[in-house]
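The values are calculated or read from the model by the stated rules, or taken from the named source; none is laboratory data. What you see is a predicted model; the values in this text were computed from it and never measured. Cβ placement follows ideal geometry from the backbone for every residue including glycine, while neighbour counts extend to all protein chains displayed. Calculation scope for accessible area: heavy atoms of the full protein, side chains included, ligands and nucleic acids excluded. Shrake-Rupley method; radii C 1.70, N 1.55, O 1.52, S 1.80 Å.
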Amino acid sequence: ILNHLSNKDFFKKINDRFELNDEVHLTNTNDSISVFTVLNLFNSVNHSILIITPNIFKAQKVYEQLSNILDQNNIGFFPQDEFISNELLVSSMEFRIERINTIKKIISNPKRIVVINLFGFLKPELPLTSWLDSIITLNTGLDYSIRELTDKLINYGYKKEYTVEKIGDFSIRGGIVDIYPLGAKNPYRFDFF
């Protein structure tokens, strides 16, 4: 379908404008045409595409449609709570984890489609250097200060618990450090002799 559509004048004009770094606004169309347009662009360019939707509901809908077609490594979701009261009181932990995972994907592989709602687009974000500086890498055979590691984890928002049960928890018992990092399927255990 994409090969057939890419030869149509409509899609050629959009691709040409996009290659010239012109903004492309799609209005008065249905979801299927929008999704095909984005997929056509994604296949023809060598950089990321940012899709900004008016609200979180629309962002989730677009993300789900694209997720059914694209590999998960090629798409990211950057949801942001839309009400200031939500932001001040309780920001959704799932949304926070999703945003961090999307940033992690962008850092590791820049070409992808990122779906974001307007409020998420308008909210300031940390600079890339801050995200790169926050990556903790531990290698076997090297010496680390458990105290410094604890301070870093707390500064990055991890919560010290007796046992690690959920993402964002860590525990220290003697030389054993358990960490459940964001984006991991299971927690990690480090044994410092």
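Report, by residue number, each residue of region 134-143 that is within 17 Å of the chain's Cα centre (by Cα) and not hydrophobic (A, V, I, L, M, F, W, C).
Listed by number, the list holds a single entry, 134.
Yes/no per residue for (1) charged (D, E, K, R); (2) within 19 Å of residue 101 (Cβ to Cβ); (3) assigned to a loop (DSSP other than H, G, I, E, B); (4) in contact (Cβ under 8 Å) with a residue 40 or more places away in the chain:
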site	(1), (2), (3), (4)
125	yes, yes, yes, no
141	no, no, yes, no
165	yes, no, yes, no
170	no, yes, no, no
177	no, no, no, no
Taking region 131-149 and keeping residues loosely packed, with under 10 Cβ neighbours inside 10 Å, among the aliphatic types (A, V, I, L, M) and closer than 20 Å to residue 180 by Cβ leaves 135
Out of 157, 120, report the one residue that is surrounded by 10 or more Cβ atoms within 10 Å (Cβ to Cβ) and touching a residue at least 40 places away in the same chain (Cβ under 8 Å). 120
If we scan region 33-40, do we find a residue that is touching a helix residue (DSSP H, G or I) at 6+ places or on another chain (Cβ under 8 Å), closer than 27 Å to residue 103 by Cα and exposed (fewer than 12 other Cβ atoms within 10 Å of the Cβ)? no
Helices (runs of 4 or more DSSP H) within region 1-47 that include 1 or more residues touching a Lys or Arg at 6+ places or on another chain (Cβ under 8 Å) and closer than 17 Å to residue 62 by Cα: 31-44
Out of (1) outside any helix (DSSP H, G or I); (2) open to solvent by 50 Å² or more (accessible area, probe 1.4 Å), what's the single condition that is false for residue 81? (2)
If you check residue 105 against the conditions, is it more than 20 Å from residue 52 (Cβ to Cβ) and open to solvent by 40 Å² or more (accessible area, probe 1.4 Å)? no
